[in-house]
Amino acid sequence: MSEHDKDMKMDTMVVHAGQRPEETTGAVMPPIFTASTYSQVSPGVHKGFDYSRAQNPTRYALERMVARLEGSTIAENIDPSCGGFAFSSGMAATCTALDLISAGSHVIAMDDLYGGTTRLLRQVRQPTQNLDLSFIDLSKPDAIKSAMRPDTALVWLETPTNPTLKLADIKAIADAAHAVNPKCLVAVDNTFATPINQRPLTLGADLVVHSLTKYMNGHSDVIGGVIATNRADLAERIRFIQKSAGAVLGPFDSYLALRGIKTLGLRVARHNESGLRVAKYLETHDSVERVVYVGLASHPHHALAKRQMVGPNGGGTGMITFFIKGGLDAARTFLENVRIFALAESLGGVESLIEHPAIMTHASISAEMRAELGITDSLIRLSVGIENCDDLIADLDGAFAAVNKSLGVRAG
Ligand code: P1T
């Protein structure tokens, strides 16, 4: 890490961290290096690049950026991408994190996770890697202490969780896990918060995982994932798995994701600001049963949010979950009548998205588990984009009016 990087604020880091002009031309953005292979002057004698699955300069530029944003201080001469590793999707990054632990390991996972992560754990890695899985509500302060075992190999957190937006205390969980088993890996999926709002490695986590597809890239035009670590021993192992298993991010997508990250500071400041405004609007609406937003005082873990999520405008993200009155019929009518919000899976793009987790992103979770987690048919998830917030609120207002009309309730 250069002295320079260390002193930068986050909104400077998103532009410059881990970056330097390209060596031959001085280009300020890295070229998209498409070559799959690199010429060698003598067998094994080359410039640090032999085959693009193992090393790619465009991917390295993105990986160094994410590593630095997440607070890795690993020097480039120790690890060429400073502890950042980019993959072909968020799920491929998650798979690689799971490849760090042995078959038969005990894993503690937050009970509420992206549906695809739960599916991977339960339906792919449990049968093939024989994982011993404990799904625990780690938002409860002492839950980690009773769940931890001396042989627990991995604690997997989302905070805020997808989609119920529960928070877990990263520092307290990392300390408690490491006290029982210093070798236990604590991994945080930081997709919802982004490093602008929360930096898990600085709170004691061993690994941070992202779906780059979401806020990091920010433009809904790349599928990608990343792992960042501040531990050189883990970086060495992840590098080995990355080149061995090979689910790397391609150079075009690496370039796009790096380009997207340059505006992460600006975008997240806006997502945070508009997220809070929309949440406050929903909280006062007659057709809404309950709003969950980490920036609202009514959120059960708001005090933790203020301590742990320190980004601009309250650091609450653009993610809101709310329960609409009138059950599935009302939810369907609402979702069919938004005009600016797109009814679509995913989140974190510049455009506002809206979805129904029980039918869409979390359909692969059993009905019992959804009921336990409170993912009901009335639950609607919003990803508030960067559009004019008055337009967004007017859009939601129009959809509520359509619901009231269909239910025969006089609007107003
Ligand atoms: O889609 P992919 O890039 O593979 O990322 C998977 C993933 C990992 N972690 C979290 C917290 C996620 O939300 C996701 C993907 N989530 C959605 C597609 C969604 O709409 O929730």
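The values are calculated or read from the model by the stated rules, or taken from the named source; none is laboratory data. It should be emphasised that the depicted structure is a prediction, and the values quoted were computed from it without experimental measurement. Backbone-built Cβ (ideal geometry, glycine too); neighbour counts: all protein chains shown. In case anyone asks, the SASA skips ligands and DNA or RNA and just uses the protein heavy atoms, side chains included. Shrake-Rupley method; radii C 1.70, N 1.55, O 1.52, S 1.80 Å.
Observations on the model:
- With a requirement of 3 or more residues that are more than 16 Å from the ligand (Cβ to nearest atom), the helices (runs of 4 or more DSSP H) lying completely within the range 109-208 that satisfy it span 126-129, 143-147, 170-180.
- Residue satisfying all of: in the range 262-287; assigned to a helix (DSSP H, G or I) and among the charged types (D, E, K, R); nearest to Gly326 (Cα to Cα) among these: Glu283
- Considering the conditions (1) over 20 Å from the mean Cα position of the chain (by Cα); (2) open to solvent by 30 Å² or more (accessible area, probe 1.4 Å); (3) within 16 Å of the ligand (Cβ to nearest atom), Glu336 is excluded by exactly one of them, (3).
- Which numbered condition Ile101 misses (of (1) among the aliphatic types (A, V, I, L, M); (2) within 25 Å of Gly246 (Cα to Cα); (3) within 11 Å of the ligand (Cβ to nearest atom)): (3)
- Within the option set Ile32, Ile78, being within 18 Å of Ala235 (Cβ to Cβ) and assigned by TED's automatic domain parsing to the domain that holds Lys243 holds for one residue only, Ile78.
- Glu355 among the acidic types (Asp, Glu), without any contact (Cβ under 8 Å) to a residue 24 or more places away in the chain and within 16 Å of the ligand (Cβ to nearest atom): no
- Residue among Thr73, Thr118 that is closer than 30 Å to Met10 by Cα and of a type outside the set (Lys, Arg): Thr73
Residues are listed down the side, and each one gets a yes or a no for (1) closer than 14 Å to Ile101 by Cβ; (2) open to solvent by 10 Å² or more (accessible area, probe 1.4 Å):
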{"site": "Thr117", "(1), (2)": "no, no"}
{"site": "Gln129", "(1), (2)": "yes, yes"}
{"site": "Asp151", "(1), (2)": "yes, yes"}
{"site": "Val155", "(1), (2)": "yes, no"}
{"site": "Thr161", "(1), (2)": "no, no"}
{"site": "Leu165", "(1), (2)": "no, no"}
{"site": "Ala168", "(1), (2)": "no, no"}
{"site": "Ala174", "(1), (2)": "no, no"}
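- Those residues of the range 215-235 which are buried (at least 24 other Cβ atoms within 10 Å of the Cβ), within 8 Å of the ligand (Cβ to nearest atom) and either part of a loop (DSSP other than H, G, I, E, B) or more than 12 Å from the chain's Cα centre (by Cα) (or both), in sequence order: Gly224
- Flag for Arg307 being in contact with a Cys (Cβ under 9 Å, 6 or more places away or on another chain) and more than 14 Å from the ligand (Cβ to nearest atom): no
- Subset of the range 288-323 that is among the polar types (S, T, N, Q) and open to solvent by 10 Å² or more (accessible area, probe 1.4 Å) - its residue that is farthest from Ile173 (Cα to Cα): Asn313
- Lone unmet requirement of (1) open to solvent by 20 Å² or more (accessible area, probe 1.4 Å); (2) over 17 Å from the mean Cα position of the chain (by Cα) for Ser89: (2)
- Residues considered: Ile261, Ile196, Ile238. Of these, the only one that is open to solvent by less than 50 Å² (accessible area, probe 1.4 Å), among the hydrophobic types (A, V, I, L, M, F, W, C) and over 18 Å from the mean Cα position of the chain (by Cα) is Ile238.
Condition check ((1) open to solvent by 40 Å² or more (accessible area, probe 1.4 Å); (2) more than 27 Å from Gln198 (Cβ to Cβ)) across all residues:
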position	(1), (2)
Gly327	no, yes
Ile340	yes, yes
Leu343	yes, yes
Ser352	no, no
His356	no, no
